[in-house]
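Student: Sharing a structure below in structure tokens format, with a few things to ask.
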Amino acid sequence: MMALAALLAALQAVDPIAPPVATPVVQAVRVSSGRVSPVVDGRLDDAAWSQVTPVRDLLQSVPDEGRPVSESTEVRIVYDADALYIGARLFDAEPGKIVRRLTRRDASSHSDEFRVLLDSYHDYRTAFEFTVSAAGVRTDVLYGGDGTFSDKSWDPVWEAATTVDSLGWTAEIRIPFTQLRFARVADQVWGVRFVRWIERKNELALFPFVARTESGMASRFASLVGLAGVETRKHIQILPYAVGTGTYRQPTGRGNPFETPSAYQRSVGADLKYGVSSSQTLDVTVNPDFGQVEVDETFVNLTAFEQFLDEHRPFFIEGTQIFDFGGNGGGVIRFSDPPLYLYSRRIGRPPQGEPSSSGAFQDVPQSTTILGAAKLTGRSAGGWSVGVLDALTARERATVLDTITGTRYRDEVEPATNYFAGRVKRDLNGGNTSIGLLATAMDRRPTTPALGMLARDAFAGGLDFFQRWGDKHYTFAGSVGGSYLQGEPAALQQVQRSSNRYYQRPDAQRFRYDPTRTSLAGVSADLYLNKVAGNWRWGLGGRTASPGFEVNDLGFQNRVDRISAAAVLGYKWTKSGRTLRQANAYLQVSPSWNYDGNPIDRKISAFGYAQFRNFWFADWSASYSPRVVDDRLTRGGPLAMKPAAWFTSADLTTDTRRVLGAYGFVSVQRDEAGGWAVNLIPQLTRRPSAALSLNATGGYSTGRAAAQFVTKATDSTAAATLGTRYVFAALSQRQAYVTLRANATFSPTLSLQLYAQPFAFAGDYTDFKELRARRTFAFNVYGRDNGSTISRTGNTYVVQPDGAAPGDTLRFTDPDFRTRAVKVNAVLRWEYRPGSTLFVVWTQSRSGYVPYDPEFDLQRDFTRELFRDRPTNVLLLKVSYWLSR
């Protein structure tokens with residue numbers, strides 16, 4: 001500890017901490033008796049505004065840090081018994097140049113904006129942001145962790161209006177107290193910040209001013225005083241809705257009785273939001289509609305690990321930031337494969353089982369029905385945060401038709417399951433200290449032995465903490481957690497053999513595969529020490545996840561059996577120069593080992609960011625990874641080696657103020673075994689009018705993997721690899737896609753979004769070979785080495801690895817393939833009254849898969865063949881109506 005203190009003292013001497021600045025104060029004025037509350041029309045001509053002394057002292061953050069805002073700005077706050085009102089007069093010497101583009105709610109408008117941020121909890125960690133553009137487009141964001149994470153799905157019901165005149169423009173905002181969370185005290189003190197964005201100047205001005213070398217968000221707000229006698233009434237909001245869905249498919253013509261050209265579903269339900277107190281909210285959903293309006297992008301995953309998919313369903317996004325666990329203390333270190341304790345896409349996932357009955361045709365549900373879900377979240381005046389989530393999914397059955405006997409079977413493919421997550425957290429010391437606990441549980445009750453491969457119960461939990469000091473310049477953060485899983489031996493066999501841990505690895509020393517095991521336990525922990533403010537930035541970190549740690553039943557993780565460390569040092573430039581307005585650059589070393597002590601990563605990387613004088617932006621990175629042990633190449637087999645590799649990438653974004661904007665990304669990587677990859681992403685954005693935005697993004701990647709896993713086969717003569725042959729191939733792959741987006745906004749409450757993405761991929765496997773020996777990246781190529789032979793019969797390869805050795809024949813199917821897909825999505829959104837919305841959604845999807853054919857031909861895939869694939873069309877209509885009292 002003495003050495004650590006000496007290091008901190010030395011670094012502080014190089015980059016000294018400025019003395020803290022006194023917190024500014026903003027006075028809110030209650031609308032006096034006899035005066036009428038402001039009418040939200042964007043004119044600021046109400047008598048109530050004359051009662052208030054305005055805030056004028058906004059200073060620029062960019063482009064000229066510390067200078068007064070270039071256009072005068074005045075902000076006032078008043079309130080009555082029901083709501084807070086903010087009035088802003090935003091002067092402009094050239095009102096004709098005010099940028100007023102229309103977009104849908106919560107979308108970036110690239111327009112002049114006014115923002116007010118409120119820390120109504122006054123916990124120095126949480127902020128509610130309300131933004132209105134000069135065109136009247138509203139955006140709202142919930143921030144947590146003093147700005148370290150945000151929730152854009154938060155949609156409170158509030159009002160805003162704007163007007164442009166000869167002096168500039170004005171904004172008038174009304175925020176009902178029912179939409180905020182605050183302490184139950186007579187005299188309120190909140191945190192507040194005002195922000196003005198002038199689009200044509202790329203100018204960001206704020207009050208109170210915070211230098212770009214500083215850290216923190218809500219902890220840097222001014223104090224909002226004068227809020228007295230605000231009632232903390234209980235309130236209830238009900239959002240009933242009706243949903244109708246039509247699905248239209250083109251039958252295959254194979255006589256499948258489950259294929260119908262059309263299918264219709266209808267349902268009604270309601271979301272209820274009950275204010276248990278001014279700081280706690282209970283969310284309940286009855287007969288929920290958990291369909292997602294946004295679609296997942298197409299991908300091909302040839303790794304042994306699961307693909308992570310973002311959550312799009314509003315119920316599981318809004319307010320769930322309370323369940324975020326751990327964190328790096330606001331530093332720049334990011335370890336790979338961090339566990340996620342709550343991954344809400346597990347709830348309502350596709351059924352994991354397969355029908356156990358035999359038959360010519362099957363009808364398997366595409367997702368698991370969510371019977372109901374409830375969520376309780378809130379904070380108290382003492383700094384306590386509480387979150388509880390519980391969801392119940394139905395037992396799902398597949399229908400199997402035996403065409404010979406005419407019998408229909410109903411096989412269980414997913415058991416009834418309950419999911420639970422609970423979180424409690426305490427913020428102390430003005431938001432500079434926090435400590436929290438998290439617990440999750442999953443409980444399944446299968447009724448058929450065929451689902452014995454699923455864990456019966458899964459529990460996980462942990463403790464996390466955060467400490468900040470030195471005027472918010474230094475942070476210390478960490479977490480420790482554990483998991484416990486139990487079920488039938490078949491379930492634990494699957495978990496042990498998964499790519500997360502590979503317990504069956506024959507040369508593992510710290511664990512072993514046990515087919516009789518009925519439970520599994522493990523731990524995970526991390527620790528970070530950072531300097532997060534000033535020009536010089538640095539960080540130290542460590543993370544570990546034991547081989548038995550498992551959270552995938554309700555969480556997400558890709559691999560365990562890992563001990564990682566990292567050290568990073570960087571510098572941040574904030575003063576404008578001849579070429580750059582601001583920039584940063586970092587150097588990081590990040591070694592990792594498995595629990596046997598084998599080095600599995602020793603990466604050295606550099607990365608940075610720059611903003612040029614012309615308001616173009618660039619990011620860059622470069623890394624070198626020396627040769628290390630590879631405990632995943634053989635997918636459960638013995639250790640191999642990973643060849644040394646290097647990687648570099650860069651992207652460039654043009655000035656976003658322009659009618660035509662561009663973005664480009666390129667990455668190149670190569671390894672000493674001859675593997676390589678190139679990835680290109682060009683993008684164009686055009687805004688032909690204030691109400692229309694067009695975007696086209698292309699993607700092309702190509703490369704060659706020196707050793708792509710194909711299969712494995714037991715062979716007692718393969719002594720060098722412990723009795724199993726591990727077959728690989730050189731894989732040449734190419735992928736291309738085009739993503740097209742159009743956003744038409746008719747008013748701040750009515751918009752139309754269009755999305756289309758054709759996609760094509762081809763994989764060509766050549767030079768089949770087997771691993772020559774453990775702890776190497778050397779291979780015996782079939783048909784060349786060891787007298788081996790390889791031939792092809794139809795779509796099957798026949799290999800004699802040791803020539804004419806009797807009984808030594810290996811067979812595997814040609815893994816070559818190509819695939820194509822297209823997804824089209826159209827969303828009409830109309831907020832016909834505050835909080836009440838009409839959605840009309842049309843989605844079409846097509847896909848095709850061609851085995852044994854590696855030919856990549858975009859003209860064929862994007863024109864001729866793609867539109868021969870059977871389409872599935874889904875038309876959805878959803879109407880909701882907001883009720884509040």
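Student: Which net charge results for the neighbourhood of G42, defined as the other residues with beta-carbon distances under 13 angstrom from its beta-carbon, given Lys and Arg at +1 and Asp and Glu at -1?
Tutor: -1
Student: Using Cα pairs under 8 angstrom and six or more residues apart, how large is the relative contact order of the chain, in percent?
Tutor: 9 percent
Student: Another one. Between I435 and W646, with labels modelled 7 Å along Cα→Cβ, what's the label distance in nm to one decimal, could you check?
Tutor: 4.8 nm
Student: Okay, next question. Taking the Cα centre of each part, how many Å lie between the stretch 666-715 and the stretch 49-108?
Tutor: 42 Å
Student: Please turn the phi angles of the stretch 710-719 into ³J(HN,Hα) values with the Karplus equation 6.51 cos²θ - 1.76 cosθ + 1.60 (θ = phi - 60°), one per residue in order, whole Hz, x for glycine and proline.
Tutor: Each residue of the stretch 710-719 in turn: 10, 6, 9, 8, 6, 7, 5, 7, 8, 5 Hz.
Student: Largest first, please: the extent of the C-alpha atoms of the stretch 512-612 along each principal axis, to the nearest Å.
Tutor: Each principal axis gives a Cα extent; for the stretch 512-612 these are 69, 30, 21 Å.
Student: Right, next: Karplus couplings for the stretch 424-433 from phi (6.51 cos²θ - 1.76 cosθ + 1.60, θ = phi - 60°), rounded to Hz, Gly and Pro as x?
Tutor: In residue order, the calculated couplings are 9, 8, 10, 9, 9, 6, x, x, 8, 9 Hz.
Student: So how much slack lies between R792 and T579, counting 0.36 nm per residue of separation and subtracting their Cα-Cα distance, in nm?
Tutor: That works out to 70.6 nm of additional length.
Student: Next question, about the same structure. Please give the FRET efficiency for T717 paired with E672, using the beta carbon to beta carbon distance and R0 = 22 Å, rounded to the nearest 0.05.
Tutor: Using R0 = 22 Å, I get an efficiency of 0.15.
Student: Among 351-357, 653-659, 110-116, 520-526, how do they line up by average Cβ neighbours within 10 Å per residue, starting with the highest?
Tutor: 110-116, 520-526, 351-357, 653-659
Student: If Lys and Arg each add +1 and Asp and Glu each add -1, what is the summed charge of the other residues whose beta carbon sits under 11 Å from the beta carbon of F665?
Tutor: Net charge around F665: -2.
Student: Please give the contour-minus-distance gain from N535 to Y571: 0.36 nm per residue of separation, less the Cα-Cα distance, rounded to one decimal in nm.
Tutor: This chain segment gains 12.4 nm when fully extended.
Student: Within the accessible area of the chain, what % is carbon and sulfur when the probe is 1.4 Å and the other protein chains stay in place?
Tutor: 55 percent
Student: Right, next: Grab the DSSP H runs of the chain that are 4 residues or longer, score each as -39,500 (n - 2.57), total them, divide by all residues and round the 222 nm result to the nearest 500 deg cm²/dmol.
Tutor: Theoretical 222 nm ellipticity from helices: -1000 deg cm²/dmol.
Student: Can you pull the one-decimal nm distance between simple spin-label points at Y852 and I563, each 7 Å off the Cα toward Cβ?
Tutor: With each label point 7 Å from Cα toward Cβ, the separation is 5.0 nm.
Student: What angle, in degrees between 0 and 90 and rounded to the nearest 10, separates the Cα long axis of helix 2-14 from the longest principal axis of the Cα atoms of the chain?
Tutor: That works out to roughly 60 degrees.
Student: Is any residue of the stretch 428-465 close enough, with backbone N under 20 Å, to a label point placed 7 angstrom from the Cα of Q486 along the Cα-Cβ axis, and if so, which?
Tutor: So the set is 439-449, 451-462.
Student: Let me ask something additional. From the phi angles alone, apply the Karplus equation (6.51, -1.76, 1.60; θ = phi - 60°) to the stretch 520-526 and give each ³J(HN,Hα) in whole Hz, x where the residue is Gly or Pro.
Tutor: Residue by residue, the stretch 520-526 yields 8, 9, x, 10, 9, 7, 8 Hz.
Student: If you don't mind, there's one more thing I want to ask. Tell me whether the stretch 145-226 comes out rounded, prolate or oblate; compute the Cα gyration tensor, take square roots of the eigenvalues as a ≥ b ≥ c, and use a/c under 1.5 as the rounded threshold.
Tutor: oblate
Student: Calculate, in nm to one decimal, what A360 and F149 gain on full extension: separation in residues at 0.36 nm each, minus their alpha carbon distance.
Tutor: Taking 0.36 nm per residue and subtracting the Cα distance, the gain is 70.9 nm.
Student: If you place +1 on the Cβ of every Lys and Arg, -1 on the Cβ of every Asp and Glu, and leave all else neutral, what size is the dipole of the stretch 581-690 about its Cα centre, to the nearest 20 Debye?
Tutor: In total the dipole reaches around 540 debye.
Student: Could you give the alpha-carbon Rg of the stretch 688-815 over 2.2 N^0.38 Å, rounded to two decimals?
Tutor: Compared with the compact-globule rule of thumb, the stretch 688-815 sits at 1.74.
Student: Considering amide H positions built from the backbone, and no H for Pro or chain starts, which residues 5 or more places from L58, or on another chain, come under 5 Å of its amide H?
Tutor: Hits under the 5 Å cutoff: V69.
Student: Lysines near K97 by alpha-carbon distance under 22 Å, same-chain residues fewer than 8 away left out - which ones?
Tutor: Leaving aside lysines fewer than 8 places away in the same chain, those within reach of K97 are K201.
Student: Points 7 angstrom from Cα along the Cβ direction at A394 and T766: gap in nanometres?
Tutor: 5.2 nm
Student: Can I ask one more? Once you list every other residue whose beta carbon is under 10 Å from the beta carbon of T685, what net charge do they have if Lys and Arg are +1 and Asp and Glu are -1?
Tutor: Cβ neighbours under 10 Å give a net charge of +4.
Student: Hey, can you find the accessible area per residue of the stretch 305-384 for me, probe 1.4 Å, expressed in square angstrom?
Tutor: The answer is 46 Å² per residue.
Student: Let me ask you something else. Apply 1/(1 + (r/R0)^6) to the Cβ-Cβ distance of R784 and V589, taking R0 = 56 Å, and write down the FRET efficiency to the nearest 0.05.
Tutor: For R0 = 56 Å, the calculated efficiency reads 0.90.
Student: Reachable lysines from K375, Cα under 20 Å, same-chain residues fewer than 8 places away excluded?
Tutor: K152, K234, K273, K425
Student: Kirkwood Rh, the stretch 480-519, all Cα pairs: how many Å?
Tutor: Result for the stretch 480-519, one decimal place: 10.8 Å.
The values are calculated or read from the model by the stated rules, or taken from the named source; none is laboratory data. As the structure is a prediction and not an experimental result, all values here were calculated from the model. Glycine also receives a Cβ, built like all others from the backbone with ideal geometry; neighbour counts cover every protein chain displayed. Quick note on the areas: whole protein, heavy atoms, side chains included, nothing else; ligands and nucleic acids left out. Shrake-Rupley method; radii C 1.70, N 1.55, O 1.52, S 1.80 Å.
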